[in-house]
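Okay, so here's the structure we're looking at.
The values are calculated or read from the model by the stated rules, or taken from the named source; none is laboratory data. A quick note: this is a predicted structure, and the numbers were derived from the prediction, not measured. Because the Cβ atoms are built from the backbone with ideal geometry, glycine has one as well, and the counts that use them run over all protein chains shown. Note: areas computed on protein heavy atoms with side chains; ligands, DNA, RNA excluded. Shrake-Rupley method; radii C 1.70, N 1.55, O 1.52, S 1.80 Å.
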Amino acid sequence: VSERGLELATDAGPLHSKRVVLACGEYGRPRIPQLPGSFGGLSQHSSEVRASQIDDDERIVVVGSGNSAVELASRLLSRGMKITLAARSGISPAIPIATEPISTLMWWLSALPTSWLPDGLRCTGTVPKVDDELRLAAEQGQLNVVGEAVGLEEGALLAAHGERVLVDRIIWATGFVRDLSWVSGITLDDSGIPSHHRGLSTELQGL
């Protein structure tokens, strides 16, 4: 905060405004679980990896089963690679896309405030998959699905139920955590959420 309002530090110099809108998303810090042991090969978050950077002969483990894991795994499988997916809940069956007229009704309902919906229809924090590509790859032996990642070794990942997967590169498709620590002058609760009322900061006027 300055005499000219809010100050935003940028690589092109400071900017001043009476109003600043943060539209960069709050989940900005990659989340990598801290597991016992150490891994000697490449260990990267999915946000740092491009499928084109991975050699066809690499032994790959993708940790996670969310959208980023599915997208990356699909790209590698399309190249004929055999990969391993480590996921606590395995691969969930695809949820069929609704047909007319249900699909149109659902589209209209999606515009309603979530507080109006019954608990069973509210978002659970996960996005359902809409195709069975990974499940089919697992049935055909191209994809090896193991349990939750629980530890690391020099050249291996340890999964639940005592499975040991030899691997050259571990890719953590484990999402992001909230990171607004770069915004000074606001208080964050234990979940990293700033004090606000309907998106307006209760501590910094204009934010």
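Grab the beta carbon distance between residue 74 and residue 18, set R0 = 41 Å, and tell me the FRET efficiency rounded to 0.05. Calculated value: 0.35. In summary, the stretch 130-173 shows an alpha-carbon radius of gyration equal to 1.29 times the 2.2 N^0.38 Å reference for compact globular proteins.
Extension gain for residue 27 to residue 47 (0.36 nm times residue separation, less C-alpha to C-alpha distance): 6.0 nm. Solvent exposure of residue 133, expressed as accessible area, is near 80 Å², computed with a probe of 1.4 Å over the protein chains only. Between residue 105 and residue 195, the simple spin-label model (points 7 angstrom out along Cα→Cβ) gives 4.5 nm.
Here the 3J(HN,Hα) profile of the stretch 78-92, calculated from phi with Karplus coefficients 6.51, -1.76 and 1.60 at θ = phi - 60°, is 5, 8, x, 6, 9, 10, 10, 10, 9, 8, 4, 9, x, 9, 6 Hz, Gly and Pro shown as x.
Positive contributions from Lys and Arg (+1) and negative ones from Asp and Glu (-1), summed over other residues with Cβ under 12 Å from the Cβ of residue 157, come out at -2.
List residues of the stretch 154-194, by number, whose backbone nitrogen lies under 20 Å from a label position 7 Å along Cα→C-beta of residue 82. From the stretch 154-194, the list is 155-159, 163-171.
Which shape class applies to the chain: rounded if a/c is under 1.5, otherwise prolate when a/b exceeds b/c and oblate if not, where a ≥ b ≥ c are the square roots of the Cα gyration tensor eigenvalues? Oblate. Overall, the accessible surface of the chain at a probe of 1.4 angstrom is composed of carbon and sulfur to the extent of 54 percent. Take the Cα of residue 34, step 7 Å toward its Cβ, do the same at residue 8, and the gap between the two points is 3.3 nm.
Using a ≥ b ≥ c from the Cα gyration tensor of the stretch 150-207 (square roots of the eigenvalues), is it rounded, prolate or oblate, where a/c under 1.5 gives rounded and otherwise the larger of a/b and b/c decides, a/b for prolate? The shape class here is prolate. Extending 7 Å from the Cα toward the beta-carbon at both residue 92 and residue 115 defines two label points whose distance is 2.6 nm.
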